[in-house]
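The next block holds one structure in the form of structure tokens; read it before the comments.
Bear in mind that the values in this text are calculations on the coordinates, not laboratory data. Remember, it's a predicted structure, so these values are computed and weren't measured experimentally. Counting neighbours? That spans all protein chains shown, and the Cβs are built from the backbone with ideal geometry, glycine included.
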Amino acid sequence: QDHVCSLPKVPFRGAPCSDAAGRQVPYATIMKQVNSSLSGVLWDEVQKAPFYEYKDSVGQFHQVWFDDPHSISLKAAYVKSRGLRGIGMWNGNSLDYSREAAAEQQTQAMWQALTP
């Protein structure tokens, strides 16, 4: 189906899924790969998150979900509107801290999105 990626059910410590279904990809890799992907950036309105799709060198289909400044700002605004005490993120070390101008702008935008 369009934009539906089926994952095998791999039990992990009693949970219905695990990291065996995928792996973490650095934000720098995502930002470089999304531009050459099959789909470009797609948006899931339910999850309020971007994703994209690509095929690897052996023709295997992949779907990559990530957060960007827009999705992070929506989550941060939700936390603030509900009077919650904070927000967390999976791994800030995955941002691109190189000195490239585009990377610095992307990283700064991600951190700014956390404070609505």
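General remarks:
- The stretch 34-116 - charge dipole about Cα centre, Lys and Arg +1 at Cβ, Asp and Glu -1, debye rounded to 20: 440
- Loop sites in the stretch 19-116: GluC sites (Glu not before Pro), DSSP, at most 15 other Cβ within 10 Å: E45, E100
- Charge tally for M110 (other residues, Cβ to Cβ under 9 Å; Lys, Arg +1; Asp, Glu -1): -2.
- Extension reserve of the V58-A77 stretch, reckoned as 0.36 nm per residue once the Cα distance is removed: 2.7 nm
- Table column - 3J(HN,Hα) (Hz), the stretch 38-50, Karplus curve with 6.51, -1.76, 1.60, x for Gly and Pro: 5, 9, x, 6, 10, 10, 9, 5, 5, 7, 6, 9, x
- HN-Hα J in Hz across the stretch 99-104 - Karplus 6.51, -1.76, 1.60, θ = phi - 60°, x for Gly and Pro: 8, 5, 4, 5, 5, 4
- Relative contact order [Cα under 8 Å, 6+ residues apart], the stretch 27-114, whole percent: 23
- Convex hull per residue volume in Å³, alpha carbons only, for the stretch 28-110: 112
- Under a 5 Å amide H cut-off, with hydrogens placed 1.01 Å from N, A49 pairs with D44 among residues at least 5 apart or on other chains.
- Proximal charge balance of Y27 [Cβ under 15 Å; K/R count +1, D/E count -1]: -3
- Take the Cβ atoms of Q47 and R85, set R0 to 25 Å, and the FRET efficiency comes out at 0.65.
- Annotation note: chymotrypsin sites (Phe, Trp or Tyr not before Pro) in the stretch 16-116 located in DSSP loop regions with a Cβ neighbour count of at most 13 within 10 Å are W90, Y97.
- In sequence order, calculated HN-Hα J values of the stretch 55-70 (Karplus, 6.51, -1.76, 1.60; Hz; x Gly/Pro): 10, 7, 5, 9, x, 6, 7, 9, 10, 10, 9, 7, 10, 10, x, 5
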